[in-house]
Amino acid sequence: MTKSTKKEIKNRFIKYVIPSVAAMWVYTIYTMVDGMFVARGVGTTALAAVNIAMPFINTAFALGILFAVGASTKASIYKGQGNMEKANKVFTMSTVTVFGLALIVAIAALLNLERLALMLGADEATLPYVKDYLGIIIPFVVCYMTSYNLEVLIKADGYPQKAIATTLAGAATNIILDYVFVMVLHWGIKGAAIATGISQLMTLSIFLAHFLSKKSQFSFVKIKWNFKEVASMAKIGVADSVTEFSVGAIIFLFNNTLIRVSGNDGVVIYTVIAYVSQLILMTMMGVNQGMQPLVSYYHGREEHKIHKYILRIALLVAGTASIVAFAWGVLYPNPVVAVFIDRSADAVLYENAVDAFKLFSFSFLPLGVVVILAGYFTALERPKSAMTISICRGLVLVVISLVIMTMLFGEIGIWLSMGVSETIALILAVTMYKKKLQ
């Protein structure tokens, strides 16, 4: 490759990655902002309740990613091949499927609200809060899932700037409404849920307006719903979906372990850590999802040197972000903890949270490389390899590490367990890359 080609690729990479990272931050900030205002406006029990509810939200998000990533990959490949007819069918199929699935999820969850809250780990103290929060969030799941599907596809459509502008507008709306509903009107945890729902509805409306306009290269077309087509999209997106689902699964596992070992205070501490660790994971996911359409596009054009060069850039960016996150977590955790826990109100809880945050931060170091390598396999339509990495990283290794480390070291082992599992996942991902793609 010439220097001019490399420069052009870097510019395209930046153009796609920055909006992707910003979008992932925004989707994470939705729940973080709820937590911040709930902690200050309602209390730590309500904050724990928001965290208990989070696995449901993560699961819904994971279902949206399942089809969005596959659709983006396929549509980008077809676009690179100049076949817009197939690209439009993929775009329409994924949007219809995600919307329909979201409706099913919302109806099923509302009909089993208390059972769902108890299954997530709510106890006598947190159950009313969890039910109040989920009872309002669940109807907006349709907006949440469909909006993310369209956000990924709008980047494949060539409008990454519109993606970031829309998601930032949604975040600003959420923050303003959270302040008004929780701090001014004192609607409590319900107010936080309403603010999130309204902001998601606004975001979905803007994305739909784009795809219904003449600016969009993609358009809704008549389709016959085809299970095989949908399954092929899901097959490609399963690794990224598992990565997101693992966030909820990890929160669920940690919550239940901490309730047993440390009680509700442990859950409150983990709530703070979970918010920040999810923001860091979503940073890596953003780099990954900004990389994927470009890798898929050049893979479709059979320009292998270029998509390998894109991988190197993504690994450098994600690796640097991992080091920065680790240093921040070890050296400056106090300001983050102070946002959620008032030191003057509970000094012991605050200090315990700071110590736990430092230990947990070791898990940030290997994270970036693992996520990028799994995403690279996905972009090259090698879902089995990507899924192996994601499932091991997000579920299998976490469970094994959490159980063993808790048995050996108690609560300290809980905070160190993610660092152990992420390190093993890194070894697995690098080994698979060298064996299959080098």
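The values are calculated or read from the model by the stated rules, or taken from the named source; none is laboratory data. What you see is a predicted model; the values in this text were computed from it and never measured. Neighbour counts are summed over all protein chains in view; Cβ atoms, including those assigned to glycine, are modelled from backbone coordinates with ideal geometry. These accessible areas exclude ligands, DNA and RNA; they are computed on the full protein's heavy atoms, side chains included. Shrake-Rupley method; radii C 1.70, N 1.55, O 1.52, S 1.80 Å.
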Handout entry: Karplus 3J(HN,Hα) series, Hz, for region 177-191 with 6.51 cos²θ - 1.76 cosθ + 1.60 (x for Gly, Pro)
Key = 5, 4, 4, 5, 6, 8, 8, 8, 8, 6, 7, x, 5, 5, x
Practice task
Starting from the Cα of I427, step 7 Å along the direction of its Cβ; do the same at D123; then give the gap between the two resulting points in nm.
Solution key: 3.6 nm
Fill in the blank from the handout: Here the convex hull volume per residue of region 310-438, taken over Cα atoms and given in Å³, is 110 Å³
Practice task
Report the residues of region 159-173 in range of a label on K215: point 7 Å along Cα→C-beta, backbone N strictly under 17 Å from it.
Solution key: 159-170
Practice task
Would you work out which of F252, T167, G80 lies farthest towards the positive end of the dipole of the chain, given +1 charges on the beta-carbon of Lys and Arg and -1 on that of Asp and Glu, about the Cα centre?
Solution key: G80
Problem - Per residue, in Å², the accessible surface of region 1-60 once ligands and nucleic acids are set aside, probe 1.4 Å - result: 37 Å²
Practice task
Return the Cα extents of region 295-357 along principal axes one, two and three, sorted largest first, each rounded to a whole Å.
Solution key: 60, 18, 14
Problem - Directionally averaged shadow of the chain, computed from the convex hull of its alpha-carbon atoms, nm² - result: 20.2 nm²
Fill in the blank from the handout: The convex hull of the Cα atoms of region 18-148, divided by residue count, gives a volume in Å³ per residue of 93 Å³
Handout entry: Which of S232, S76 is most accessible, then next, and so on - probe 1.4 Å
Key = S232, S76
Exercise for the section: For region 204-271, list log₁₀ I(q)/I(0) at each q in 0.21 Å⁻¹, using the Debye formula over Cα point scatterers of equal strength and ignoring solvent, two decimals each. Expected result: -0.94
Problem - Using alpha-carbon coordinates, inclination of helix 364-379 to the longest axis of the chain, degrees - result: 30 degrees
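Note down the magnitude of the dipole of the chain about its Cα centre, charges +1 on Lys and Arg C-beta and -1 on Asp and Glu C-beta and zero elsewhere, to the nearest 20 debye. Mind showing how you got there, number by number?
Values: 35 positive and 23 negative charges, 481 e Å.
Dipole size: approximately 2320 debye.
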Problem - Between region 101-174 and region 215-243, the Cα center-to-center distance that results, in Å - result: 20 Å
Completion exercise
In cubic angstrom per residue, the convex hull of region 196-332 built on its Cα atoms measures 195 Å³
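If contacts are Cα pairs under 8 angstrom and at least 6 residues apart, what is the relative contact order of region 246-336 in percent?
Once normalised by length, the contact order is 19 percent.
Would you please give the FRET efficiency between D355 and T320, computed as 1/(1 + (r/R0)^6) with r the Cβ-Cβ distance and R0 = 25 Å, to the nearest 0.05?
0.40
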Completion exercise
Two pseudo-spin positions, 7 Å from Cα along C-beta at L331 and at R343, lie apart in nanometres by 1.9 nm
Handout entry: Rounded tilt (10° steps) of 84-111 against the dominant C-alpha axis of the chain
Key = 20 degrees
Fill in the blank from the handout: Expressed as a percent, the accessible surface of the chain that is carbon or sulfur, using a 1.4 Å probe and the full set of protein chains, is 66 percent
Handout entry: Degrees separating the helix 264-300 axis from the principal Cα axis of the chain, which is the longest one
Key = 0 degrees
Practice task
Can you work out the accessible area per residue across region 302-438, with the rest of the protein chains kept in place, probe 1.4 Å, in square angstrom?
Solution key: 46 Å²
Problem - Distance between modelled label sites at L103 and L408, nm, 7 Å Cα→Cβ extension - result: 5.1 nm
Exercise for the section: Could you tell me which of the pairs K15/K358; K6/K235; K214/K305; K10/K214; K305/K384 are separated by over 27 angstrom between their Cα atoms in the structure shown? Expected result: K15/K358; K6/K235; K214/K305; K10/K214
Handout entry: Accessible surface, region 90-144, averaged per residue in Å² (probe 1.4 Å)
Key = 43 Å²
Completion exercise
For K435, the aspartates and glutamates lying under 17 Å Cα to Cα, once residues fewer than eight places off in the same chain are dropped, come out as E381
Practice task
Over the chain, calculate the relative contact order: mean separation of alpha carbon pairs under 8 Å at least 6 apart, over the residue count, as a percent.
Solution key: 23 percent
